[in-house]
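Asker: A single structure is presented below for examination.
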Amino acid sequence: MQVLQRVLAWAARLLLFCMLGISASAGAQELLQNRSFESPVAPANGNNFYVTIPNWTVTSATGNPQPANIVRPWAGYAGNPIVTPTGGGVQYFDVNSSAGTLRQTITLPAAGLVDFSAWFSVRDDQQALSGLTVNIRNAGNVVVASVSTSFTAANPIGLWKQAAATNIPLAAGSYTFEIVLPDPANVDLASFVWKPPLSITKTSSAYSDPIRGTTNPLRIPGGVTEYLITVTSPAAYTVSNNTIAIVDATPPNADLSVVSIGGAGPAVFVQGSPSSTLAYTYTSLASTTDDIQFSNNGGASWTYTPVPNANGVDPAVTHVRLRPRGTMAAGSSFRFRLRYRVR
């Protein structure tokens, strides 16, 4: 399986993800209609030919006036799959007597990550067949993401193979979900899942300096700056269980404070309003089971145990990773506070 990803018009949001390093899947929403070709309900076992079918535009390479074939499999259906793929209902689709395409228009209301896929099978005879493809086209008809699969002559009739791509970033707008179906092949259980992104902000303020203490402090060498990372979930979606990971890079010319803040450890978890329902645990700097981890190699590994120096910081820490646990409630938020000492 080969995946082509050409991501357009998403640079600003992707940069935000890279800078803050947050990853999560936010309440997946299936956007395709009639994705397992259960409409229309075919009246007979085997082939059922139509000019059109709901939600899809079907084209035939030969210009067949009835290009859509809704197949209702049964035990005696020789040369074809006698069952749909798991979850595929009781019908599947092929283009009537030729190669062709199926297309459906999709609108993304906001930027986010998408997963897309379809299941394919070969009909008539065991044979090598390639080019079973799903494309995502933008409003300019340019393919911005694509995935495909193929069959060998050794693959038996009745085998279903999935072509799938995951976590493809797309901007808000109109797209076309396109299935390219060579002859002879079937397709079923198409999917286009949109995962809205979390909203992330990061702000900072001077906390203390060696001259003024905490009264009107300045960001001068030896001073401490406090960073506040706020994460908000989409109003209509929860965030999958245990999928959030915030990676914060140590700012230039600063060192992470690794002393405990009020007994909460180097990072303080603050519940939002409404509550995120997430939980955060800190045990110790050396713990391998709590929800904070440290890296001294740019995030390549997360096994480093910080050692505070006389100033309470560890200059070797390059990144900190925070992983609150649980399912984040829809329309909720939480915050983390961390402190860095200016060199």
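Asker: Considering only residues that are at pLDDT below 95 and β-branched (Val, Ile, Thr), which ones fall in the stretch 245-287?
Answerer: The answer is Ile246, Val247.
Asker: Another question, if that's okay. What are the residues in the stretch 312-332 that are assigned to a strand (DSSP E or B) and buried (at least 21 other Cβ atoms within 10 Å of the Cβ), if any? Even if it seems obvious, please write down each step before you answer.
Answerer: The first filter runs over the stretch 312-332 and keeps only residues assigned to a strand (DSSP E or B), leaving 313-314, 319-322, 325, 328.
Residues satisfying the conditions are Val313, Asp314, Val320, Leu322, Met328.
Asker: Pull out all pairs, ordered by first then second residue, where Cβ-Cβ is under 9 Å, the residues are six or more apart or on different chains, the first lies in the stretch 326-343 and is under 26 Å from Thr250 (Cα atoms), and the second is among the basic types (Lys, Arg).
Answerer: Val342/Arg219
Conditions (1) hydrophobic (A, V, I, L, M, F, W, C); (2) over 28 Å from Asn167 (Cβ atoms); (3) assigned to a strand (DSSP E or B), marked per residue:
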| position | (1), (2), (3) |
| --- | --- |
| Ile246 | yes, no, yes |
| Leu256 | yes, yes, yes |
| Gly265 | no, yes, no |
| Thr281 | no, no, no |
| Ser284 | no, yes, no |
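Asker: Collect the residues in the stretch 112-142 that are of a type in the set (Asp, Glu) and outside any loop (DSSP other than H, G, I, E, B), keeping them in residue-number order.
Answerer: At the first step, the residues of the stretch 112-142 found to be of a type in the set (Asp, Glu) are 115, 124-125.
Listed by number, the list holds a single entry, Asp115.
Asker: Would you be able to tell me the number of residues in the stretch 222-236 that are farther than 30 Å from Gln29 by Cα and exposed (fewer than 11 other Cβ atoms within 10 Å of the Cβ)?
Answerer: Counting residues in the stretch 222-236 that are farther than 30 Å from Gln29 by Cα and exposed (fewer than 11 other Cβ atoms within 10 Å of the Cβ) gives 0.
Asker: Quickly run through the stretch 128-170 and pick out the residues that are in contact with a Gly (Cβ under 9 Å, 6 or more places away or on another chain) and in contact (Cβ under 8 Å) with a residue 40 or more places away in the chain. Spell out the reasoning first.
Answerer: Within the stretch 128-170, the first condition is being in contact with a Gly (Cβ under 9 Å, 6 or more places away or on another chain), and the residues that meet it are 138-139, 148, 150, 157, 160, 169-170.
Answer for the stretch 128-170, where residues must be in contact with a Gly (Cβ under 9 Å, 6 or more places away or on another chain) and in contact (Cβ under 8 Å) with a residue 40 or more places away in the chain: Asn138, Ser148, Ile157, Trp160, Pro169, Leu170.
Asker: Got a sec? Which of Pro274, Pro266, Pro251 is surrounded by fewer than 19 Cβ atoms within 10 Å (Cβ to Cβ) and within 18 Å of Ser208 (Cα to Cα)? Explain how you work it out, then say what you get.
Answerer: Working: Pro274 fails: within 18 Å of Ser208 (Cα to Cα); Pro266 fails: surrounded by fewer than 19 Cβ atoms within 10 Å (Cβ to Cβ).
Criteria check complete, one pass: Pro251.
Asker: Still on this structure, I have one more. Of the conditions (1) in contact with a strand residue (DSSP E or B) (Cβ under 6 Å, 6 or more places away or on another chain); (2) assigned to a strand (DSSP E or B); (3) within 15 Å of Pro184 (Cα to Cα), Val147 satisfies every one except a single condition; which number is it?
Answerer: Among (1) in contact with a strand residue (DSSP E or B) (Cβ under 6 Å, 6 or more places away or on another chain); (2) assigned to a strand (DSSP E or B); (3) within 15 Å of Pro184 (Cα to Cα), Val147 violates only (3).
The values are calculated or read from the model by the stated rules, or taken from the named source; none is laboratory data. On a predicted model such as this, the values are computed, not experimentally measured, just so you know. Positions of Cβ are backbone-derived with ideal geometry, glycine not excepted, and every protein chain shown enters the neighbour counts.
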